[in-house]
Amino acid sequence: MALRRTRSAVLLASCALVLAACGSGGSSDGGSDGKLSVVTSFYPLQYVTERVAGDHADVTNLTKPGGEPHDLELSPKQVASVQDADLVVYQDEFQTAVDEAVKEADREPGTTVDAADGVDRIEESEEAHAEGEEEGHDDHAHGDEEHADEEGHAEEEGHDHGHDHGGVDPHLWLAPTNLEPLTEHVRDALVKLDPDHADEYEANAAALVADLQKLDGEYRAGLKTCKVRDIVTSHAAFAYLARAYDLVQIPIAGIDPSTEPSAAQLAEISDLVERDGITTVFTETLVSPAVARTVAREAGVQTATLDPIEGLTKDTSDQDYLSIMRSNLAELQKANSCS
């Protein structure tokens, strides 16, 4: 009898789990408070979605503050939330666990927004070529090719860290205008799900686009007269920013921030810093500054923080995308002698 009760309890628990996993899949009924339920995969997408949705949606972020989005692993509850949410906003080929959850959810058309839609993406090979050709940095391009070969070899040996970006740089949000298509896609999805508040969604989206265009103008004006056009960064997160504002990114590590460069590559970058009159090596939030500090020490220059805004931290919890981007601009102006 006791065994029968145990089996029944297990069966009921299993059924509960199945029912929990079989949610709305994008219905427009909203949550218990009558608001739409929206899941975003990391901070910049959360910021855009909250700005457009206003008070009419409960927005949750799969990547917790202080967490490295490259390394995100989803709990069963988070996987279920990707299935159940009225709207999911993510970026394809950035977070493997989220890509898989979205694919498995088989969501209804119009209830999933990909932040990369409508953006001119930068391929890793294109980024390396541009860095090598601009300003005559042939040596650096060669170093990136070696770095890519080492990464490929590591993956063949079974050392893949799970950061499969499909050969595409994912950090598109670091050029403000790249968030305009996302703003429009989120607006359209919310209007479709909740037409009663269409006017508010449209007004919120227009206000955000105006803010992004203003920020873009500040960057163009602020970086126009820089004496130094190179930026040495902890990892290759700033290619979109560099392309938008005529800078040359020299990354210490590749797109995967956990990949450590070789001693030869470090020496090469240190020599380049000294040769080109670079005054600053940029560290960043969410990534250990140890290697960047080593390069700076070897080259006899200072360090400063350039935030890739992959997520908020304790130090930036009272800020938002716009304020952090402006802080980045100030650091770039100071480091690159921009009048």
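The values are calculated or read from the model by the stated rules, or taken from the named source; none is laboratory data. Computed from a prediction, not measured in an experiment: that's the story for all the values here. Virtual Cβ from ideal backbone geometry, glycine too; neighbours counted across all protein chains shown. Heavy atoms of the whole protein, side chains included, go into the accessibility calculation; ligands, DNA and RNA do not. Shrake-Rupley method; radii C 1.70, N 1.55, O 1.52, S 1.80 Å.
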- Item | Antiparallel DSSP beta bridges within the stretch 221-339, as percent of all bridges there, nearest 5 | 10 percent
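What ranking of Thr111, Thr279 comes out by heavy-atom accessible area, probe 1.4 Å, highest first? All intermediate terms of the calculation are to be shown ahead of the outcome.
On the way: Thr111 5, Thr279 55 Å².
Result of the area sort, largest leading: Thr279, Thr111.
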- Message: What FRET efficiency comes out for Asp55 versus Ala290 if R0 is 56 angstrom and r is the Cβ-Cβ distance? Round to the nearest 0.05.
- Response: 0.85
- Residue by residue through the stretch 273-289, which ³J(HN,Hα) values in whole Hz follow from phi under the Karplus form 6.51 cos²θ - 1.76 cosθ + 1.60 (θ = phi - 60°), with glycine and proline marked x? 4, 5, 5, 9, x, 6, 9, 9, 10, 8, 8, 8, 6, 6, 10, 4, x
- Query: What FRET efficiency, computed as 1/(1 + (r/R0)^6) with R0 = 35 Å and r the Cβ-Cβ distance, is obtained for Asp196 and Asp320, rounded to the nearest 0.05?
  - Reply: 0.80
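Between Thr313 and Gln213, what FRET efficiency comes out of the Förster formula 1/(1 + (r/R0)^6) with R0 = 30 Å and r the beta carbon distance, rounded to 0.05?
Working: r = 27 Å, r/R0 = 0.91.
The calculated FRET efficiency here is 0.65.
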- Message: Modelling each spin label as a point 7 Å along the Cα-to-Cβ direction, I'd like the Ala267/Arg220 distance in nm, to one decimal.
- Response: 4.4 nm
- Item | Cut-off 17 Å (backbone N to label point 7 Å along Cα→Cβ of Ser339), residues of the stretch 215-251 | 221-229
